[in-house]
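The values are calculated or read from the model by the stated rules, or taken from the named source; none is laboratory data. Here the structure is a predicted model, which is why all the values come from computation and not from measurement. In this analysis, Cβ positions are derived from the backbone assuming ideal geometry, glycine residues included, and neighbour counts consider all displayed protein chains.
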Amino acid sequence: MSKFAPPAKDVDDLYFNQEIEPLLNTPQMAKIQLEKLKPTLQFFYDHVPFDRERMDDAGFKPQDIESFDDLARALPICGQADYREVFERFDNDMLKAYDHLYGELRMQQLHLITTTSGTTGIPTPYPVFHDSVEAMGEVLGRMGWRGGLRAGDRLAIGYGLSMHAAGTPILYYYKKIPGVTIIPIGAEAGAERFLTLLKLFQVNAITCTPSLALYLAEKSEEYLGEPISSLGIEKLLLGAEPGAGIPEIRNRLESEYGASVIDVGAGYGVSCECPEYQGMHWVGDDHCYYELVDPETFEPVPMTNGATGLAVFTPLEPEATIYFSNLRYTLNDIHQVFTDDCPCGRSGFRYKIVGRADDMLKVKGVPVYPAAIQGVINGFVPELTGSFRIALDREPPLVIAPLKLKVEYGEGVTEQELPALEEKIIQKMKALLKVSPAISWLKPNSLERALKKTQLLEKNY
Ligand SMILES: [Zn+2]
């Protein structure tokens, strides 16, 4: 064994980090986080112009802050819109803008930079500093270990490798689980080459988007002359878009591949093998402070079981940040958190991504997210095909009740069965989303299918 190799681990260890992970989401962890708060604030004040300006604008100094609640009261959140303002201020000179956003000290340690896939405007940067590689190696070690990666596994990387935040950096991050070999195929390879390489190198684990996993399964017969199940893929770690948490998609992938499906969606979270999706366990408490705020008032939302809000992140290892490189940063995702014990018995509160703050609709004052409606609809497959549209008569977010849904019923459902089915769906939405929709029925396959992102809104205004 090389003297540089990571220490061997017992395959039966519950956690990758047996010291820290049992402490996740406990009072001891809150203490560790609090100890990191002051030096973190001081770092941002001393070295990061963007955050120093925010503190100055808000009228406080690091030493005025004694707790995360103090910080939440004192400092407004920030996000992509603030980044865009900085780009404009520096006339899109990215290096000057990055110096402002991240600080020269960290920029001297910049190891690589990736971005969001952002279809419009300037993509949001994801800087990876030298220390970030170590820190994220630790966090992804925790995630990968929980996702079942062990020595001897050959893991194909199937995200886009060109500038994708979940692409090339992953090559570095997955280095800490001893004995795991990385096969960096990349989404750019296309299905034929991807499948050929999976077979050639006897890959048994893939990390990629759920849509690529579905696509590979669909194309396996055509390109390899055999079903995807014959390749011996045992583990799918899926992220960068929702899907692994949607029962229909997870069941389909599990049965087509004969593999376990784990959601490594976004941030420092990983789902578990519980038959019913429990959300992703947050495994990064010691690296990043997680909080929820109301998406309209930005007031703190207490972390109680079932609470929903805009997820906001504060890095606690400022020189080693990943994804979140400023204080109280939001990606604009709405999360629902679960703080009760998970049936899997593992540590860390759980969260589900229920939608984007920009996608929020308001029906009789109740916030509703298209992705949450999709979740309920998908739960009725095969009685429904899963395809539907939300018909809007005016510009969102305000919707005049009732919320109108056009829903495809499933193959094999008769028209006589529709009223009872409609009642079941309405009851489920009332219970889960506190909204009572009006449903109009469509025959199976009457809505257009999109290969990439499905548009769920039908805008009639
Ligand atoms: Zn669990």
Filter region 346-370 down to the residues that are among the aliphatic types (A, V, I, L, M) and under 30 Å from residue 16 (Cβ atoms), then identify the one that is farthest from the ligand (Cβ to nearest atom). 354
Would you be able to say whether some residue in region 222-234 is under 17 Å from residue 353 (Cα atoms) and at pLDDT 95 or above? no
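To keep it simple, each residue is scored yes or no on (1) under 23 Å from residue 392 (Cβ atoms); (2) modelled with pLDDT under 90; (3) outside the structural domain of residue 390 (by TED's automatic domain parsing).
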{"residue": "414", "(1), (2), (3)": "no, no, no"}
{"residue": "421", "(1), (2), (3)": "no, no, no"}
{"residue": "425", "(1), (2), (3)": "yes, no, no"}
{"residue": "441", "(1), (2), (3)": "yes, no, no"}
{"residue": "448", "(1), (2), (3)": "yes, yes, no"}
{"residue": "451", "(1), (2), (3)": "no, yes, no"}
{"residue": "455", "(1), (2), (3)": "yes, yes, no"}
Check off (1) touching a residue at least 60 places away in the same chain (Cβ under 8 Å); (2) under 22 Å from residue 353 (Cβ atoms); (3) of a type outside the set (S, T, N, Q) for residue 210 and give me the number that stays unchecked. (1)
Every residue in region 134-174 that is touching a Pro at 6+ places or on another chain (Cβ under 8 Å) and more than 24 Å from residue 210 (Cβ to Cβ), please. 151
Looking for something away from the ligand (no atom under 16 Å from the Cβ) and over 19 Å from residue 434 (Cβ atoms) - is there at least one such residue anywhere in region 273-284? no
Among (1) within 15 Å of the ligand (Cβ to nearest atom); (2) free of Cβ contacts under 8 Å to residues at least 24 places away in the same chain, there is one condition residue 294 misses while meeting the rest; what is its number? (1)
Those residues of region 220-262 which are within 18 Å of residue 150 (Cβ to Cβ), surrounded by 22 or more Cβ atoms within 10 Å (Cβ to Cβ) and within 16 Å of the ligand (Cβ to nearest atom) amount to 237, 261, 262
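Residues checked against (1) among the aromatic types (Phe, Trp, Tyr); (2) farther than 19 Å from residue 33 by Cβ; (3) not assigned by TED's automatic domain parsing to the domain that holds residue 37:
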| site | (1), (2), (3) |
| --- | --- |
| 251 | no, yes, yes |
| 254 | no, yes, yes |
| 257 | yes, yes, yes |
| 289 | yes, no, no |
| 300 | no, no, no |
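To keep it simple, each residue is scored yes or no on (1) within 30 Å of residue 209 (Cβ to Cβ); (2) surrounded by fewer than 13 Cβ atoms within 10 Å (Cβ to Cβ).
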| residue | (1), (2) |
| --- | --- |
| 408 | yes, no |
| 420 | no, yes |
| 426 | no, no |
| 461 | no, yes |
Of the residues in region 425-461, how many are closer than 16 Å to residue 385 by Cβ, touching a Phe, Trp or Tyr at 6+ places or on another chain (Cβ under 9 Å) and not in a strand (DSSP E or B)? 5
Quickly run through region 163-185 and pick out the residues that are more than 19 Å from the chain's Cα centre (by Cα) and among the small types (Gly, Ala, Ser). 179
Evaluate the following for residue 265: is it within 16 Å of the ligand (Cβ to nearest atom) and modelled with pLDDT under 95? yes
Please go through region 312-343 and give me each residue that is touching a helix residue (DSSP H, G or I) at 6+ places or on another chain (Cβ under 9 Å) and within 16 Å of the ligand (Cβ to nearest atom), ordered by number. 336
